[in-house]
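None of the figures in this text is laboratory data; all of them are computed from the coordinates on show. All values derive from a computational prediction rather than experimental measurement. Please note: Cβ atoms are built from the backbone with ideal geometry, for glycine as well, and neighbour counts cover all protein chains shown.
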Amino acid sequence: MGLKATIFGAALTAMVFLSQTAMAARYAALIVDERTGAVLHAANPDSRVYPASLTKMMTLYLVFESLKANRVRLNQALPVSRRAAKRPQSKLGLRFGQKITVRDAIGALVTKSANDVATVVAEAFGGTEERFAEMMTARAHLLGMSRTVFRNASGLPDKKQVTTARDMTRLVMAMRRDFPQFAHYFTMESFTYRGTKYNNHNRLLKRFKGTNGMKTGYVRASGFNIAVSVERDGERLIGTVFGGKTAGKRDTHMITLLRRVLKTIAENKRYPPALPTVASRSRSVTLAGIAPAPRVEPEGESDETDRWAVQVGAFERFAPAHLAATRAARLAPGLNRAKVVVKSTPANRGHVYRARLAGLSESRAETACRTLKMKKINCLVVKTDNETAEGDR
């Protein structure tokens, strides 16, 4: 039985979707395995786009960070300034002189995506919204979001406020890793404030089983955006889509991508590796990879000798090769942060795809391979030319 759909037909998927929905060139999408960071679908993942209200995820990241460090409390009241009260829709309708607790601010940001509340938080935590935006950008860069710049806490239009699908995916991964104690906020289907009920704009919570966050967004320049986290069929996925023509089409497209990825993962689990004779010359396959978002704490310097890889099979198709590498990364300590790389070599009937986990020292590669062999996974240690997955910049 052949694959009915492949995860990695990103260009074709984008073309079909564009023709069906008349979306602009601002379209971008990315789906990754949350555990390994392996990219399962990508379309323009590094193109600069406007984050719109996905910005509020970083606002919430800094709120959660302060709560975790006991610098603020959930029941602490935050004052509403004139500037905050005048912010445009979407908003909670706060008035100058009112106060709102941190707990209610979180609920309003997650569900209503309230711009007035975002400014309240920014001024309370940063003194001014401009200063808070600088804090947001600095934290984003520490998380590996190198192509992101924030200019406000809400995502309201600003030409200099930009991000990428890859960067927003890193943010979702960091949010789930760093603040599991606050993950329940993103599952809220509604939020009630002063007698008024506000439904969560993230309709995938109801439409797609296993969705447990994160955020939607819209400004005219960006179109309709969404970032989601999903746990389903034993898989944990993070997905982002930018540039939807409508909220409904954006959601439907995200569901289509998630279903396709999950179906292909399930199908590939039944495919054994093929090991044909390989020609002497090889070429790099275009492959997208994303490392898990780094923690904020300083890390040691990289090892100059990390030019070894663990090869876990050779396959007739690209997708099974990539899935084999990502599954191996879950099973051996030290491989979860390795780069997923697929090398293509010419063969009699096309190409053979070698699944590798690269960027390792020789000792780490040998240790990991021994672990995999104990788990009945064939592997070998190979020296590479410092292979790098596309997009690991």
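Fully extending the segment from ARG330 to LYS197, taken as 0.36 nm per residue of separation minus the present Cα-Cα distance, adds 43.7 nm. In region 10-265, the inverse of the mean reciprocal separation of distinct Cα atoms equals 18.1 Å; this is its Kirkwood hydrodynamic radius. The 3J(HN,Hα) values that the Karplus relation (6.51, -1.76, 1.60; θ = phi - 60°) gives for region 103-117 are, in residue order, 4, 5, 4, 4, x, 5, 6, 5, 9, 6, 6, 6, 6, 5, 5 Hz. Gly and Pro appear as x. For region 95-200, what percent of Cα pairs sit more than 21 Å apart? Result: 41 percent of Cα pairs exceed 21 Å. Averaging the sequence gap over all C-alpha pairs within less than 8 Å and six or more residues apart, then dividing by the number of residues, gives region 10-265 a relative contact order of 24 percent. Prolate is the label for region 14-150, because a/c, from the alpha-carbon gyration tensor with a ≥ b ≥ c as root eigenvalues, is 1.5 or above and a/b exceeds b/c.
The chymotrypsin sites (Phe, Trp or Tyr not before Pro) of region 65-165 meeting both criteria, a DSSP state outside H, G, I, E and B (loop) and at most 15 other C-beta atoms within 10 angstrom of the site's C-beta, are PHE96. Counting every C-alpha pair in region 143-237, the share spaced more than 15 angstrom apart comes to 68%. So what's the net charge close to SER154: Lys and Arg +1, Asp and Glu -1, counting the other residues with Cβ under 9 Å from its Cβ? With Lys, Arg at +1 and Asp, Glu at -1, the neighbours total 0. Taking Lys and Arg as +1 and Asp and Glu as -1, the other residues whose beta-carbon sits under 13 Å from that of LEU74 total +3. Under a 5 Å amide H cut-off, with hydrogens placed 1.01 Å from N, LEU92 pairs with ASN115, ASP116, VAL117 among residues at least 5 apart or on other chains.
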